[in-house]
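The values are calculated or read from the model by the stated rules, or taken from the named source; none is laboratory data. Bear in mind the structure is a predicted one, so any value in this text is a computation, not a measurement. Reconstructed Cβ throughout: ideal geometry from the backbone, glycine too, with neighbour counts over all protein chains shown. Keep in mind that these areas ignore ligands, DNA and RNA; they rest on the heavy atoms of the full protein, side chains included. Shrake-Rupley method; radii C 1.70, N 1.55, O 1.52, S 1.80 Å.
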Amino acid sequence: MSTAATEKRRTPVNIRKIAVTAVLAAAAAVIQLLEIPLPALIPGFIKLDFSELPALIASFVVSPLAGIPVCLIKNIIKLTTTSSAGVGELCNFLLGVAMVVPAGFIYKYKKTRIGALIACLAGCVISAGLSLFVNYYISYPVYYQLLAPEDVVLGLYQVINPNVKTIWEALIIFNIPFTFIKMLIDSVITFAVYKPLSNALKKIW
């Protein structure tokens, strides 16, 4: 088969993949607006959302790297209403990519339910672990300038747990489990919707 004929066959598929990725990015942007504060569990300036769900689906259905533009687009859109000078969106992007890309690559080479489970758990662990360093070295230094000094931010954690002595300790106790659970919820929902969604997309493709 000639190169031109091959390219002719590939192009419609690529266009459909781009379209699916764009739709998932739009869905992620909408979901990200539905933030849920959990002041009894973590300081109120940290909110729960499930916007990595469409990015994870993109990494599973389209390609492992398809989750990156989904994470990027949703955070670019969120910049229009940012209250963190963009640093919150940057951190959200980094942690989202740390979740969905490793999960996508693992699932690509082991497309079974066990493979999907391993992929999701690996993504959750990587993202949660990275959250310690992203928050400590990127987001929180900016929060100290925009929101409140370090001792005030630490005080927000101490309201929940008076035994917390440092921001580093607070991030280990609160933020790492928070990030892991957030990504785990996304994974559980993905398990519920992935099969019918994947079958529908395969028919389209």
- Query: Would you say VAL70 is in a helix (DSSP H, G or I), crowded, with 18+ Cβ neighbours inside 10 Å, at pLDDT 90 or above and in contact with a Cys (Cβ under 9 Å, 6 or more places away or on another chain)?
  - Reply: no
- Residues of the stretch 31-81 being in contact with an Asp or Glu (Cβ under 6 Å, 6 or more places away or on another chain) and among the polar types (S, T, N, Q), which ones? GLN32, ASN75
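Does ALA122 satisfy being at pLDDT 95 or above and under 24 Å from PHE50 (Cα atoms)? Full working, then the answer.
Details: at pLDDT 95 or above: yes; under 24 Å from PHE50 (Cα atoms): yes.
When the stated conditions are applied, ALA122 passes them.
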- Only one of (1) in a helix (DSSP H, G or I); (2) closer than 23 Å to GLN158 by Cα is not met by ILE42, so which one is it? (1)
- Message: Which condition from (1) more than 24 Å from TYR144 (Cβ to Cβ); (2) in contact (Cβ under 8 Å) with a residue 24 or more places away in the chain is the one that ILE76 breaks?
- Response: (2)
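Check whether at least one residue in the stretch 47-58 is open to solvent by 50 Å² or more (accessible area, probe 1.4 Å) and of a type in the set (A, V, I, L, M), and report yes or no. Please lay out each step first, then the result.
Here is the first cut: in the stretch 47-58, the ones open to solvent by 50 Å² or more (accessible area, probe 1.4 Å) are 47, 50.
From what's left, of a type in the set (A, V, I, L, M): none.
No - not one qualifying residue is present in the stretch 47-58.
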- Test result for THR21, more than 13 Å from the chain's Cα centre (by Cα), under 30 Å from TYR157 (Cβ atoms) and open to solvent by less than 60 Å² (accessible area, probe 1.4 Å): no
- All conditions in (1) of a type outside the set (D, E, K, R); (2) without any contact (Cβ under 8 Å) to a residue 60 or more places away in the chain; (3) over 21 Å from ALA29 (Cα atoms) are true of LEU147 except (2)
- Query: How do the helices (runs of 4 or more DSSP H) wholly within the stretch 101-205 filter down when requiring 3 or more residues that are surrounded by 15 or more Cβ atoms within 10 Å (Cβ to Cβ) and on the phi < 0 side of the Ramachandran plot: which remain?
  - Reply: 113-134, 140-146, 150-160, 176-204
- Message: Of the residues GLY86, GLY67, only one is closer than 23 Å to TYR140 by Cβ and of a type in the set (Gly, Ala, Ser); which?
- Response: GLY86
